Amino acid sequence: MSIREANEKALGIINRARPTLIGLDRAGEVLEGLTPKTILHAGPPFPRGWVDMSGPVRGAVIGALLYEGWVSSQEEGEELAASGSINFAPCHHYGAAGPMAGIISPSMPVWIVENKNEGNRTFSTINEGLGRVLRFGAYQEEVIRHLRWIEEGLFPLLQETLEKMGEIDLKEITAQALQMGDECHNRNRAATSLLIRKLAPHIMRVSPGREEGARVLEFMDSNDHFYLNLSMAACKATLDPILGLKECTLVATMARNGTDFGIRVAGLGHRWFTAPAEIIDGLFFPGYSQDDANPDLGDSVISETAGIGGFAMAASPAIVQFVGGSAGEATHYTESMYEITVGESDSYLIPILDFRGTPTGIDVRRVVETGLLPVINTGIAHKKAGIGQIGAGLVRPPLDCFQQALRALVEKYRP
Amino acid sequence: MEKPVQRLLQEDLRVINLGLEVFAHSLQEKEVEVVPVNWSPPAGGDQEMQELLRRLED
């Protein structure tokens with residue numbers, strides 16, 4: 001198979017994917033190989049574990065250790081995390097994708113998404129909302145209390161709801177949301193609303209009393225990013241089947257762990273190509289500035305890898321009020337990404353571009369040739385553990401990741 | 001018979017500018033229509049990368 005044929009095949013796999021929400025369960029029950037004392041994190045691996053982690057990831061790890069009850073204080077958490085007895089691993093190695101710090105521990109409930117066309121499954125946690133939350137490195141008592149409500153209040157109700165109502169087609173929701181002003185990375189308001197419309201009557205039918213169901217709906221309504229984690233699992237379910245496709249030069253994964261940015265390329269399997277993560281250029285919440293910002297963080301860049309998020313910004317002029325820039329620039333970002341992709345989505349269409357499909361299938365060769373790097377819109381975490389989100393903005397991956405991958409492609413296929 | 005180059009010199013200039021923008025500016029000052037092309041050498045001129053790209057052609 002030639003490179004062109006392999007890339008066309010990969011584009012077909014991506015376009016035919018049918019990511020579908022099929023249920024919810026605890027991570028320890030459904031993530032294969034997730035043993036007790038394992039903590040998953042966003043991005044590529046940390047070669048030296050705890051030592052390599054930035055502030056927000058450390059904060060989120062401490063939070064997860066407190067939440068699991070493995071420690072009872074921050075100091076104990078730091079000691080256990082540094083002891084070497086915790087197995088730290090990327091979410092992507094366990095079929096999962098986690099926003100920002102991306103921490104998943106065995107007791108956390110996770111969405112289960114299945115790509116109906118290929119049969120592969122992916123997982124993501126339930127989005128906690130904005131502000132002081134675990135994924136941005138916060139671990140105060142209120143954060144842990146909220147995680148417990150997600151586990152004990154939200155999870156059982158949503159699990160039963162999905163069991164009763166059946167599966168939900170996520171591709172359909174994302175496609176509709178792009179027609180309604182979302183790009184489904186930093187703007188998920190329409191997608192979250194569409195999801196609530198589907199779930200609401202079924203939630204109220206299974207709720208033991210009116211108040212429990214109402215609280216779940218109020219929480220979902222209060223959190224415009226509720227859909228983000230589902231979208232991330234859907235993007236991963238869409239892309240995972242191309243990982244390992246011989247001769248294919250398309251990017252199958254992009255992810256950040258707050259220290260390094262990593263990519264995986266379809267034709268090179270599970271090997272990561274990493275370089276130091278960049279600082280994000282963005283808008284900051286009052287009282288914060290770039291000096292407070294942690295380097296780029298999170299698995300949510302799986303959105304751009306699948307052709308939405310920064311690649312679909314033309315569909316979402318309102319996003320610039322959150323990440324900066326102008327509506328015209330948002331359109332330009334999308335248009336420029338056609339230069340580094342091999343095709344277009346046949347489902348994710350952009351009204352203002354005459355319903356052109358979003359740029360899809362990032363070709364490592366085109367990135368290196370043009371020097372044009374994927375545009376990513378993303379949240380900004382404070383560099384210190386325990387503080388949380390301080391803004392949002394735009395960032396690009398380091399070119400070095402793509403140059404390393406190009407060398408490896410030649411070594412493997414054209415030595 | 002009129003040679004094509006003679007015809008070209010008799011018509012208004014329409015210029016495609018590759019490379020330095022300053023060439024376009026001096027023509028634009030004389031109200032000559034210029035289409036700038038955003039061009040840079042492949043891989044930013046990195047010869048190692050250019051060779052790798054050549055080997056990975058379709």
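Points worth noting:
- Anisotropy class of chain B from Cα gyration tensor, a/c 1.5 cut: oblate
- Listed peptides A:210-218, B:38-46, A:40-48, A:96-104 by packing density, highest first (mean Cβ within 10 Å): A:96-104, A:40-48, A:210-218, B:38-46
- In nm, spacing of pseudo-spin labels at B:Ile16 and A:Arg16 (7 Å Cα→C-beta vector): 3.9
- Close amide-amide hydrogen proximity is noted between A:Arg18 and A:Lys116, A:Asn117, A:Glu118, each under 5 Å apart and 5 or more residues distant or on a separate chain (H modeled in the peptide plane; Pro and chain starts excluded).
- Each Cα pair under 8 Å and six or more residues apart adds its separation to the average, and for chain A the resulting relative contact order is 21 percent.
- Taking segment A:94-198 and dividing mean pair separation by its residue count, relative contact order in percent (alpha carbons under 8 Å, at least six apart): 18
- Shielding of peptide B:43-55 by partners, expressed as the average count of other chain Cβ atoms within 10 Å per residue Cβ, is 5.
- Relative contact order [Cα under 8 Å, 6+ residues apart], segment A:235-385, whole percent: 22
- Neighbourhood charge, 12 Å Cβ-Cβ cut-off, centred on A:Val323 and excluding it, Lys, Arg +1 and Asp, Glu -1: -2
- All-pairs alpha carbon distance profile, the protein assembly as shown, 20 Å steps from 0, percent: 24, 54, 17, 4, 0
- Each Lys or Arg adds one and each Asp or Glu takes one away; over the other residues whose Cβ falls under 11 Å from the Cβ of A:Phe155, this sums to -2.
- ³J(HN,Hα), Karplus 6.51/-1.76/1.60, whole Hz, each residue of segment A:139-150, x for Gly, Pro: 9, 5, 4, 5, 5, 5, 4, 5, 4, 5, 5, 4
- Between amide H atoms placed 1.01 Å from N, distances below 5 Å from A:Phe261 occur with A:Ala275, A:Ala277, all of them 5 or more places distant or on a separate chain.
- Candidate lysines for bridging to A:Lys164, where Cα separation is under 22 Å - those fewer than 8 sequence places away on the same chain excluded: A:Lys116, A:Lys198
- With 32 Å as the limit on Cα-Cα distance, the pairs of A:Lys9/A:Lys384; A:Lys37/A:Lys236; B:Lys3/B:Lys30 that go past it are A:Lys9/A:Lys384.
- Sparsely packed GluC sites (Glu not before Pro) within chain B, loop by DSSP, other Cβ within 10 Å at most 12: B:Glu2, B:Glu11, B:Glu31, B:Glu57
- Net charge in the neighbourhood of A:Glu247 (other residues with Cβ under 15 Å of its Cβ; Lys, Arg +1, Asp, Glu -1) is +1.
- Interchain or long-range residues, amide H under 5 Å from A:Gly343's placed H: A:Thr360
- The phi-based Karplus calculation (6.51 cos²θ - 1.76 cosθ + 1.60; θ = phi - 60°) puts the 3J(HN,Hα) values of segment A:211-220 at 5, 4, x, 5, 5, 4, 5, 4, 5, 4 Hz, whole numbers, x for Gly and Pro.
- Inter-label distance, A:Arg197 to A:Ile279: 4.3 nm, where each label sits 7 Å from its Cα along the C-beta direction.
- Euclidean distance between Cα centres, segment A:163-211 to segment A:293-371, Å: 23
- Phi angles of segment A:241-253 translate, via the Karplus equation with coefficients 6.51, -1.76, 1.60 and θ = phi - 60°, into HN-Hα couplings of x, 8, 5, x, 6, 4, 6, 7, 9, 7, 6, 9, 8 Hz per residue; Gly and Pro are given as x.
- Rounded, prolate or oblate (a/c below 1.5 giving rounded, otherwise prolate when a/b exceeds b/c) for segment A:284-391 by Cα gyration tensor: prolate
- Estimated [θ] at 222 nm from DSSP helical runs (n ≥ 4, -39500 (n - 2.57)) normalised by residues in chain A, nearest 500: -11000 deg cm²/dmol
- Spin-label zone in segment A:145-159 - amide nitrogen under 17 Å from a point set 7 Å from the Cα of A:Asp25 along the C-beta vector: A:155-159
Each reported figure results from applying straightforward, stated rules to the coordinates on display, with no laboratory input. This one's a predicted model, so the numbers in the text were calculated from it and none came from an experiment. Heads up, the Cβs are rebuilt from the backbone with ideal geometry, glycines too, and the neighbour counts pull from every protein chain shown.
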